[in-house]
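Colleague: My questions all concern the structure below.
The values are calculated or read from the model by the stated rules, or taken from the named source; none is laboratory data. Treat the numbers as computed from the prediction; the structure is a model and nothing was measured. As a convention, Cβ positions derive from the backbone with ideal geometry for all residues, glycine included, and neighbour counts pool all protein chains shown.
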Number of protein chains: 2
Amino acid sequence: MNPVRPPRLVRSVIMDRDHPSGRGQATSKDVAAAAGVAQSTVSYVMTGKRSVTADVRRRVEKAMRDLDYHPNAGARALRGAKTNVIALAVHLGADADVGDTLPYIDTIVEEARNREYEVVLLTTDEGPGGLQRLAGRRVADAFVLMDVRTRDDRLATAADLGCPVVLFGRPADSHGLDAVDFDTGRAAALLVDELAYTGHRHIVVVGDSPEADALEFRFISEFHSSARVRAQERGVTIDIVHRESNGWAGFESVADRILVHRDDRLGIIARTPRVTEWVVQLARLHGLVLGRDVSVVALCTDSTAREFDPAITNVSPEPRELSRRAMGVLFERIVGDDQPPRLELVQPRGITRRGSTTDHGLSE
Amino acid sequence: MNPVRPPRLVRSVIMDRDHPSGRGQATSKDVAAAAGVAQSTVSYVMTGKRSVTADVRRRVEKAMRDLDYHPNAGARALRGAKTNVIALAVHLGADADVGDTLPYIDTIVEEARNREYEVVLLTTDEGPGGLQRLAGRRVADAFVLMDVRTRDDRLATAADLGCPVVLFGRPADSHGLDAVDFDTGRAAALLVDELAYTGHRHIVVVGDSPEADALEFRFISEFHSSARVRAQERGVTIDIVHRESNGWAGFESVADRILVHRDDRLGIIARTPRVTEWVVQLARLHGLVLGRDVSVVALCTDSTAREFDPAITNVSPEPRELSRRAMGVLFERIVGDDQPPRLELVQPRGITRRGSTTDHGLSE
DNA sequence: ATGAAAGCGCTAACAG
DNA sequence: CTGTTAGCGCTTTCAT
């Protein structure tokens with residue numbers, strides 16, 4: 001029986017070899033043997049750090065494919081003193097601002113992959129210890145720190161790690177580390193301008209975090225102060241409101257403050273996606289039609305803005321652009337450049353006018 | 001000058017040593033030398049695989065502290081054939097169900113840390129190739145696959161990796177892999193029961209994904225079919241509705257279907273946090289008071305349920321428990337157990353009655 | 001209870 | 001252009 005057998009599959013070939021026993025991986029030595037070259041040649045074919053005859057290269061590459069060869073990351077890291085892993089410290093706790101954090105992470109992973117890097121995850125809760133562990137054990141050789149607070153006890157440690165680090169946000173003292181940040185002040189100005197230009201006389205800024213957070217995160221305080229200044233310049237009144245406790249209840253309790261000027265060209269600025277949801281709900285609840293009785297603008301991604309009906313006039317915080325820039329800076333450091341520490345301040349792409357805003361006909 | 005100098009700091013001691021040059025890490029060899037023992041003894045102090053005199057142990061531990069020693073992960077992996085890294089494949093794309101995905105990841109990272117494991121991140125988009133890369137290069141030696149579809153092309157590959165894998169979800173063919181899943185059918189039954197017991201006569205199930213998704217993810221179709229069966233058993237009418245296109249608009253267009261029975265003891269089941277938000281909005285928009293004119297129950301975490309006012313009667317999908325169970329199964333495989341593949345079906349902890357439901361006085 | 005020594009898989013001198 | 005060789009830092013026999 002079975003007089004005619006199909007050609008054996010690659011996998012079988014591997015299984016039959018005696019050196020890379022059973023399930024074990026083929027090593028560069030096996031590849032070298034199969035291709036009839038030295039182990040170092042295999043290495044040079046991979047790294048391109050030495051020129052190799054076309055013929056030899058072909059033989060090596062074929063052997064790699066036949067044996068399903070993958071270089072062992074541990075051995076590489078050990079020898080090369082380079083792990084090709086970056087550590088990403090991000091806040092994942094129960095109180096994480098779930099709204100727009102995934103696109104940041106997604107883009108970071110993507111950018112890392114484009115450069116043949118892996119990403120290990122680290123929670124902000126682990127604090128400085130986590131950084132030390134990963135750097136000390138040589139698991140990662142570059143770090144991305146998200147959710148950086150104005151004063152952040154991870155920074156002194158991070159600066160001492162002796163390897164590239166990039167921050168999301170602008171701490172009071174950056175300890176000589178590179179950082180990227182979104183120009184939230186500029187975003188606030190754009191949002192205020194939009195409301196002022198379309199003839200609104202009163203502006204209320206609504207945030208979802210207690211006042212205390214404004215001190216911890218610069219992007220919050222900066223948003224507030226910039227909005228305040230701009231409103232003054234534009235000659236419109238402004239009030240800054242945030243919820244008093246968690247949940248809708250803590251938000252509803254400040255409803256009066258939000259809606260005081262509901263009958264006199266009121267424009268509301270929502271600082272996060274979640275708060276946008278609430279503001280929309282609040283308006284509906286009070287029988288106010290968005291884009292007619294009251295205007296709402298928000299700092300949120302375009303995709304979030306479009307989820308509403310009417311869609312919300314918005315400025316995007318550009319999560320993907322921010323992550324791309326951060327990774328750009330990080331990899332420049334990795335290849336080793338000695339520039340002084342850099343701050344990349346990402347500008348809003350602009351404001352997108354959608355259905356949630358009225359034009360009171362007073363535009364300049 | 002400087003007649004009295006303070007005792008030198010640990011760091012200086014390191015810097016002064018000549019072997020671990022400059023910024024370089026101290027190695028176990030350095031520790032051994034400093035403690036006056038063999039390198040192997042240092043190793044045994046760490047692993048505990050051989051008994052060590054209390055005195056020797058103390059000396060070694062002191063040397064480790066003095067030199068700020070951290071074992072090199074690459075070297076360990078190389079020698080020990082164990083990376084102490086698990087790979088987490090998760091969907092992070094633009095369409096990710098942002099709602100409740102962070103708690104899963106948070107708990108996975110936490111559980112990994114408790115067992116001295118690191119977590120590398122992998123996007124679902126990378127498909128089977130990502131798994132092969134990480135396993136082949138020996139970056140990770142165990143895998144967690146989230147967002148598993150009914151038919152998922154990563155599974156055949158995953159099963160062939162030759163290392164522990166655990167799935168979130170129940171594919172049509174699990175390829176002999178372990179899996180954990182939430183009993184969404186039971187959850188649907190609980191939600192229907194709650195509405196039936198409190199005297200509702202019509203139930204509408206609202207989902208946020210198009211019908212097509214129900215085929216891809218078992219938890220969706222199972223939720224629907226279980227709800228349907230249970231409603232029949234309880235003698236109440238049921239309709240299953242989902243939005244027709246993205247955003248609020250696609251949702252509002254099915255508003256009529258949702259609210260047909262608004263005047264006759266209507267109970268609405270929201271299948272996700274996001275859809276809960278919308279249903280609440282829709283009700284308000286139509287002047288219906290939650291817990292009086294209409295009842296809303298949801299499949300969402302307790303913390304999400306409490307965000308609303310009135311709080312929403314809910315069944316939690318238990319993200320943290322699910323992750324804990326998954327990691328439990330995974331680590332049992334890692335220490336090597338030869339049980340047949342397991343499916344851990346996590347039961348809902350129960351339903352929590354809150355303000356969003358009316359009791360029509362017909363409870364049994 | 002401890003030491004000495006071999007070697008995991010790779011890269012980078014050093015030789016030709 | 002290619003081969004030979006010496007480790008990277010650790011764990012684990014094998015000896016004592």
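Colleague: Filter region A:34-90 down to the residues that are of a type in the set (D, E, K, R) and farther than 28 Å from A:Ala326 by Cβ and list them by number.
Modeller: A:Lys49, A:Arg50, A:Asp55, A:Arg57, A:Arg58, A:Arg59, A:Glu61, A:Lys62, A:Arg65, A:Asp66, A:Asp68, A:Arg79
Colleague: Restricting the search to region A:35-83, which residues are surrounded by fewer than 21 Cβ atoms within 10 Å (Cβ to Cβ) and of a type in the set (A, V, I, L, M, F, W, C)?
Modeller: Scanning region A:35-83 gives A:Val37, A:Ala38, A:Met46, A:Val52, A:Ala54, A:Val56, A:Ala75, A:Leu78, A:Ala81.
Colleague: How about region A:263-287: which of its residues are in a loop (DSSP other than H, G, I, E, B), over 28 Å from the mean Cα position of the chain (by Cα) and buried (at least 16 other Cβ atoms within 10 Å of the Cβ)?
Modeller: Applying the first criterion (in a loop (DSSP other than H, G, I, E, B)) to region A:263-287 yields A:263-265, A:271-272, A:286-287.
Next cut, over 28 Å from the mean Cα position of the chain (by Cα) only: A:263-265, A:286-287.
Scanning region A:263-287 gives a single hit, A:Arg265.
Colleague: Sort out which residues of region A:64-87 are within 12 Å of DNA strand C (Cβ to nearest atom), among the hydrophobic types (A, V, I, L, M, F, W, C) and free of Cβ contacts under 8 Å to residues at least 60 places away in the same chain, and write them in order of number.
Modeller: A:Met64, A:Leu67, A:Ala73, A:Ala75, A:Leu78, A:Ala81
Colleague: Looking only at helices (runs of 4 or more DSSP H) that lie completely in region B:7-58, which have at least 3 residues being over 43 Å from the mean Cα position of the chain (by Cα), at pLDDT 50 or above and more than 14 Å from chain A (Cβ to nearest Cβ)?
Modeller: Working: elements: B:10-16, B:28-35, B:39-47.
Passing ranges, in order: B:28-35.
Colleague: Okay, moving on. Mind counting the residues in region A:134-187 that are of a type outside the set (A, V, I, L, M), outside any loop (DSSP other than H, G, I, E, B) and within 14 Å of chain B (Cβ to nearest Cβ)?
Modeller: 3
Colleague: Suppose we keep only residues that are acidic (Asp, Glu) and part of a loop (DSSP other than H, G, I, E, B) within region B:100-133. Which one would you say is nearest to the other protein chains (Cβ to nearest Cβ)?
Modeller: Within region B:100-133, the subset acidic (Asp, Glu) is B:100, B:106, B:110-111, B:116, B:118, B:125-126.
Now narrow it down to the ones that are part of a loop (DSSP other than H, G, I, E, B): B:100, B:116.
Values: B:Asp100: 8, B:Glu116: 10 Å.
Only one residue tops the list, namely B:Asp100.
Residue-wise test of (1) within 14 Å of chain A (Cβ to nearest Cβ); (2) of a type in the set (Val, Ile, Thr); (3) out of contact with any strand residue (DSSP E or B) (no Cβ under 9 Å at 6 or more places or on another chain); (4) crowded, with 24+ Cβ neighbours inside 10 Å.
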residue: B:Ser295; (1), (2), (3), (4): no, no, no, yes
residue: B:Leu299; (1), (2), (3), (4): no, no, no, yes
residue: B:Val315; (1), (2), (3), (4): no, yes, no, yes
residue: B:Arg320; (1), (2), (3), (4): yes, no, yes, no
residue: B:Ala326; (1), (2), (3), (4): no, no, no, yes
residue: B:Arg333; (1), (2), (3), (4): no, no, no, no
residue: B:Asp337; (1), (2), (3), (4): no, no, yes, no
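Colleague: Also, I was wondering about something else. Go through (1) within 11 Å of another protein chain (Cβ to nearest Cβ); (2) over 30 Å from B:Glu277 (Cβ atoms); (3) touching a helix residue (DSSP H, G or I) at 6+ places or on another chain (Cβ under 8 Å) for A:Ala81 and report which single condition fails.
Modeller: For A:Ala81, the exception is condition (3).
Colleague: Regarding A:Thr357, is this residue within 30 Å of A:Asp264 (Cβ to Cβ) and in contact with a Lys or Arg (Cβ under 6 Å, 6 or more places away or on another chain)?
Modeller: Details: within 30 Å of A:Asp264 (Cβ to Cβ): yes; in contact with a Lys or Arg (Cβ under 6 Å, 6 or more places away or on another chain): no.
For A:Thr357, the condition - within 30 Å of A:Asp264 (Cβ to Cβ) and in contact with a Lys or Arg (Cβ under 6 Å, 6 or more places away or on another chain) - is not met.
Matching residues to (1) surrounded by fewer than 19 Cβ atoms within 10 Å (Cβ to Cβ); (2) not small (Gly, Ala, Ser):
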| site | (1), (2) |
| --- | --- |
| B:Arg137 | no, yes |
| B:Ala140 | no, no |
| B:Met146 | no, yes |
| B:Ala172 | yes, no |
| B:His175 | yes, yes |
| B:Val180 | no, yes |
| B:Ala189 | no, no |
| B:Asp193 | yes, yes |
